[in-house]
Every structure is written in structure tokens, then in C-alpha cells.
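The values are calculated or read from the model by the stated rules, or taken from the named source; none is laboratory data. As the structure is a prediction and not an experimental result, all values here were calculated from the model. Quick reminder, even Gly has a Cβ in these numbers, built from the backbone with ideal geometry, and neighbours come from all protein chains shown. Heavy atoms of the whole protein, side chains included, go into the accessibility calculation; ligands, DNA and RNA do not. Shrake-Rupley method; radii C 1.70, N 1.55, O 1.52, S 1.80 Å.
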Amino acid sequence: MAKTTKILLGLPWYDGPDADTVGVNFEFLHYLGRLQERSRYMLHDVVGIGCKLDSGGDDPLCEYTPDDYRLFGELEFSYCDETRISLVGMARERVVEAGLRWGADWLYFWDADMRFRKSTLLRLLRHQKPVVAALAFTARDPIMPVIYRIVESADHKGIRFDSKTVFDFPEDKLVGNEDIDGSLAFGSGVVLINMNVFHQVPKPWFHSTGCGEDWMFCVRCHEFGIPRYVDTSIKTVDHKKHAPRWA
């Protein structure tokens with residue numbers, strides 16, 4: 001029997017579907033349906049012969065290859081529909097709980113206002129890291145990368161955490177904790193998380209304290225020794241920007 005890898009999709013959209021990205025989201029979900037179907041045929045098609053997932057040819061890395069099949073087998077996707085609430089941290093917590101109930105292997109978050117290539121999910125999955133994100137940028141000027149160093153400091157209440165934006169990150173490579181002084185944090189506009197992380201890190205996972213629920217998730221992982229990575233070769237773009245960064 002072929003191995004099955006179960007991936008839960010989480011799409012926080014507290015302000016409703018974004019008019020500038022709803023088409024991208026539907027296109028991506030359509031691609032995932034074809035990807036799931038193709039993975040089920042791979043047992044009988046291990047040399048990769050068959051319909052191509054990217055008929056336009058502009059994103060060849062979105063193809064499900066025999067090497068992918070040997071690693072992940074048949075892909076099964078499910079979507080959590082409990083994310084349309086104003087508290088993004090709570091929405092993310094609900095997605096995690098749904099993934100634990102379903103027995104998911106991976107959790108793939110993307111924000112409703114993000115644009116990214118179809119191959120992003122597979123490229124992140126191929127790294128097989130506990131937590132790995134695509135590189136995102138701030139939505140408003142000045143445009144800055146959403147990648148940080150976690151800074152620990154002490155005050156009268158004990159240890160507190162702060163962050164500093166990283167501008168000198170290695171370009172077009174997989175960047176890990178060891179590349180950012182062992183203290184990497186990032187925005188989770190597009191991120192893939194292995195579900196074992198949520199067994200190693202106790203709740204709350206995405207508790208928002210005014211500094212961002214995704215940043216706090218990185219801090220929680222930092223506290224419990226979970227490695228984090230950003231693939232800086234995988235770019236994303238917020239709907240407020242006029243041109244994708246990968247263009």
C-alpha cells in the first residue's frame with residue numbers, strides 16, 4: 001500500500017476574501033486538487049509520464065516527481081473552514097486543533113491577501129523541516145523583509161522578547177536558526193509546519209500579544225528548541241504591492 005501524507009490547509013481571512021487575491025486562491029486550490037489526483041496515479045506512473053500540472057511551463061517546480069512520490073507517497077488535502085474570525089491567533093489555533101483531530105502530517109498556512117507561486121507548497125515540503133516559511137515582505141512602505149532576530153532581554157518582570165529586522169539574510173537559500181544567531185523568527189504569510197511541533201510545544205501556539213501571533217509562534221518554538229527556517233528563494237507578495245517579487 002502506498003504511503004499517504006496528509007496536509008491540512010489553513011487560510012485565515014478575518015476581513016473576508018480579498019478581491020485582488022481570490023482568483024489566485026481558487027487557482028491554487030484547483031492545482032492542489034490536480035496534485036492530489038496525480039499523486040494517486042504515481043504508483044502506476046513512477047517515471048513521471050502523464051498530464052503535466054503546470055501546462056503553462058512557467059513553474060516547473062510544481063510538478064509532482066517520482067522523487068516526491070518516494071518521499072511522500074499519495075497526497076491527501078483537507079481544508080479547515082473555521083478561520084473566518086477577527087482574531088487571527090484564534091483562527092490559527094483552531095486550524096491546529098482541526099489538524100490534530102484529523103491526524104494531519106503537515107499544516108500549510110497562507111494568508112488570504114498573499115500571492116505566491118503554485119510550487120511553493122511542494123518546495124517547502126521537500127525541505128522536510130519542522131517549520132519552514134517562504135520569504136514575505138511588509139505590506140506598506142517602507143517595504144522590508146518579514147524576517148527577524150529574536151532578542152532576549154530582562155526587565156523587572158523577568159525575561160522578555162523583542163525583535164530586530166534582518167536585512168543581511170543569505171539570498172536564495174534555505175536560512176535556518178544558525179544563520180540568524182540561533183534566533184530566527186518570521187511572518188507566517190506562507191508557512192509549512194510539521195504537526196509534531198504541536199506535540200512538542202504546549203498551547204497556546206499563536207497567542208497574540210499585540211506583536212503578532214506568528215512572531216509569538218516563533219518565540220514559542222525558540223523556547224522549546226524547535227528549528228525554524230525560511231527559504232529566501234521562495235518569494236511572496238502582498239496584495240497591496242503592484243508586482244510580485246519573483247518577477
### Summary
Considering only strands (runs of 3 or more DSSP E) wholly within region 87-174, the ones with at least 2 residues that are among the aliphatic types (A, V, I, L, M) and over 30 Å from Lys3 (Cβ atoms) are 147-155
### Message
So if I check each of Asp67, Asp111, which one is modelled with pLDDT of 80 or more and under 15 Å from the mean Cα position of the chain (by Cα)?
### Response
Asp111
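Closer than 26 Å to Ser188 by Cβ and either at pLDDT 85 or above or open to solvent by less than 70 Å² (accessible area, probe 1.4 Å) (or both): does that describe Ala2?
Values: closer than 26 Å to Ser188 by Cβ: no; either at pLDDT 85 or above or open to solvent by less than 70 Å² (accessible area, probe 1.4 Å) (or both): yes.
Taking the combined requirement at face value, the residue does not satisfy it.
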## Note on the structure
Among His239, His207, the single one that is modelled with pLDDT under 80, under 30 Å from Pro60 (Cα atoms) and open to solvent by 10 Å² or more (accessible area, probe 1.4 Å) is His239
